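Encoded as structure tokens, the structure appears first; notes follow it.
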Amino acid sequence: MNKSIFSILFAALLLSAGSVFGQSCTGYHKKACKSGADQGWVYNSQSKSGLFEYGMSSEIKIVIYKDNDYSLSMCNEKSLGKGELMITIKDAKTGEVIYDNATDDRAQHIEFTCATTRNVIVTVTAGGEAPSGGAKGNDNKKTAEKNTTAKNKSSQEVDGGCVGLLIEQKASSKEGF
């Protein structure tokens with residue numbers, strides 16, 4: 001009986017040791033992305049963080065509301081390069097590209113006002129090339145599956161790092177009469 005309890009405890013210890021060396025990006029956007037709270041921006045719970053490999057894309061569907069200003073800030077670990085993140089925002093219904101930072105000098109921070117409530121799809125892509133040939137292209141589903149297992153690798157084994165998308169909002173200021 002004592003041997004079986006010892007075996008179970010030993011197995012649990014080995015499994016938990018792997019997670020100590022794994023890389024977690026939970027809440028990375030709260031720690032690393034520049035917040036505009038001092039300018040009246042309020043944290044939006046649609047903000048996300050995740051572990052990205054080079055060239056990996058990930059989509060998030062968010063709702064933006066009429067008569068609100070939005071601030072989107074992207075941040076990433078140094079291992080993915082500085083200013084290498086690409087972002088596109090598309091209307092979820094029509095697929096129309098509303099914004100693409102490729103035409104905006106790869107801006108890592110944008111602000112806009114929403115005239116109508118709409119669902120949008122925000123796609124973030126980690127640019128650059130992996131030194132050892134990591135994931136490339138826009139293969140978000142396959143790379144996302146790989147990254148589920150990548151969370152259990154040590155951070156030295158992952159060709160990439162944490163990426164954060166901080167979304168903040170505030171009521172639009174009324175101008176004119």
**Prompt:** What are the residues in the range 48-70 that are of a type in the set (Phe, Trp, Tyr) and either surrounded by 15 or more Cβ atoms within 10 Å (Cβ to Cβ) or within 12 Å of the chain's Cα centre (by Cα) (or both), if any?
**Reply:** 52, 54, 70
**Prompt:** Do you know which residues across the range 26-43 are surrounded by fewer than 20 Cβ atoms within 10 Å (Cβ to Cβ) and in a loop (DSSP other than H, G, I, E, B)?
**Reply:** 26, 27, 34, 35, 36, 40, 41
**Request:** Could you grab me the full set of residues in the range 56-76 that are assigned to a loop (DSSP other than H, G, I, E, B) and in contact with a helix residue (DSSP H, G or I) (Cβ under 8 Å, 6 or more places away or on another chain)?
**Result:** 56
**Any chance residue 150 is in contact with an Asp or Glu (Cβ under 8 Å, 6 or more places away or on another chain), closer than 23 Å to residue 28 by Cα and at pLDDT below 65** = yes
**Message:** Can you confirm whether residue 69 is in contact with a Ser or Thr (Cβ under 9 Å, 6 or more places away or on another chain), at pLDDT 95 or above and farther than 16 Å from residue 25 by Cα?
**Reply:** yes
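Can you name the residue in the range 11-25 that is under 23 Å from the mean Cα position of the chain (by Cα), surrounded by 10 or more Cβ atoms within 10 Å (Cβ to Cβ) and part of a helix (DSSP H, G or I) and, of all such residues, is modelled with the highest pLDDT?
Result: 21.
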**Asked** Cβ-Cβ below 8 Å, separation at least six or inter-chain, first residue in the range 95-107 and over 18 Å from residue 63 (Cα atoms), second acidic (Asp, Glu): which pairs?
**Response** 106/84
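The values are calculated or read from the model by the stated rules, or taken from the named source; none is laboratory data. It should be emphasised that the depicted structure is a prediction, and the values quoted were computed from it without experimental measurement. Ideal geometry is used to build each Cβ from the backbone, glycine not excepted, and the neighbour counts take in all protein chains shown.
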